[in-house]
Amino acid sequence: MDSSSETNWLIVGLGNPGLRYEKTRHNLGFMLIDWFAHEFQTQVKREECRSLIGRAIIENQTAELVKPQTFMNLSGEAVSCLLKKENRTAEKLIVVSDDLALPLGTIRLRPKGSAGGHNGLKSIIACLRTEEFIRLRIGIQPEHPLKEQKDFVLENFSKTDSEIIEKVLQQSAEAVRAVLSDGVERAMAKFN
């Protein structure tokens, strides 16, 4: 099998680089990429298009695990650069992000859609000039109304929330695997 002619999946976790942001709500995308890297014993450290990348075989598909290093609001610059390379298409792009509108502990898969107020998704949609890419959103909605959204998404998870997040990362990983093995429609029916 000649892997050079095959299109690889790009699994892009959104987040902000640096220790300061590592365990914040806004970094759930990075956390899922780290989960995959640990699970498939690979390292996400190859540098390309202002991103850190690792490779894994997931559900018999070659997947590149991507953590853009551009900071959230410029994620699209990294993603569009990666998609210009050979063997990569938006049809095989999965973007993982946090979502303030979804309750904590829930996930939503979509084959396409708007940014829903998420700056990372806004940047990707603007740079790719399309909303036609798969996204997995992981809920971080607080139990109380927020005065300041920006502060909330950049806070670390509480101890109680961290336990929920462990479970939701496991579920998110299963959802991504289902997309790779069964396609997005079937995965949505199972996980949404």
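For the reader, a short list of remarks on this structure follows.
- Within the set N87, N16, the sole residue that is on the phi > 0 side of the Ramachandran plot and either at pLDDT below 95 or part of a loop (DSSP other than H, G, I, E, B) (or both) turns out to be N87.
- Which listed residue is surrounded by fewer than 19 Cβ atoms within 10 Å (Cβ to Cβ), closer than 19 Å to M188 by Cα and touching a residue at least 12 places away in the same chain (Cβ under 8 Å), from R110, R135: R110
- Test: residue in the stretch 132-144 that is hydrophobic (A, V, I, L, M, F, W, C), more than 28 Å from T62 (Cα to Cα) and out of contact with any Lys or Arg (no Cβ under 8 Å at 6 or more places or on another chain): no
- Cross-chain or 6+ apart pairs with Cβ under 8 Å, the stretch 114-127 first and in a loop (DSSP other than H, G, I, E, B), then of a type in the set (G, A, S) and surrounded by fewer than 17 Cβ atoms within 10 Å (Cβ to Cβ): G116/A101; G117/A101
- Candidates A178, A187: the one that is closer than 19 Å to G113 by Cα, assigned to a helix (DSSP H, G or I) and aliphatic (A, V, I, L, M) is A187.
- Some residue of the stretch 107-121 being of a type in the set (D, E, K, R) and closer than 24 Å to G18 by Cβ: no
- Annotation note: Cβ proximity below 9 Å between a residue of the stretch 32-56 that is under 23 Å from L74 (Cα atoms) and a residue that is in a helix (DSSP H, G or I) and of a type in the set (D, E, K, R) (sequence gap 6+ or interchain) occurs for V44/D34; C49/E77; R50/E77.
- The residue that is surrounded by the fewest Cβ atoms within 10 Å (Cβ to Cβ), counting only those in the stretch 58-77 that are aliphatic (A, V, I, L, M) and over 12 Å from L121 (Cα atoms), is I58.
- Close pairs (6 angstrom Cβ cut-off, 6 or more residues apart or separate chains): touching a residue at least 12 places away in the same chain (Cβ under 8 Å) in the stretch 63-83, aromatic (F, W, Y) and assigned to a helix (DSSP H, G or I) anywhere: L65/F36; K67/F30
- Looking across the stretch 90-103, just one residue is touching a residue at least 40 places away in the same chain (Cβ under 8 Å) and more than 16 Å from the chain's Cα centre (by Cα), and that is A101.
The values are calculated or read from the model by the stated rules, or taken from the named source; none is laboratory data. Keep in mind that what you see is a predicted model, and the values were worked out from it rather than measured. Methodologically, a virtual Cβ is constructed for each residue, glycine included, from the backbone with ideal geometry; neighbour enumeration extends over all protein chains shown.
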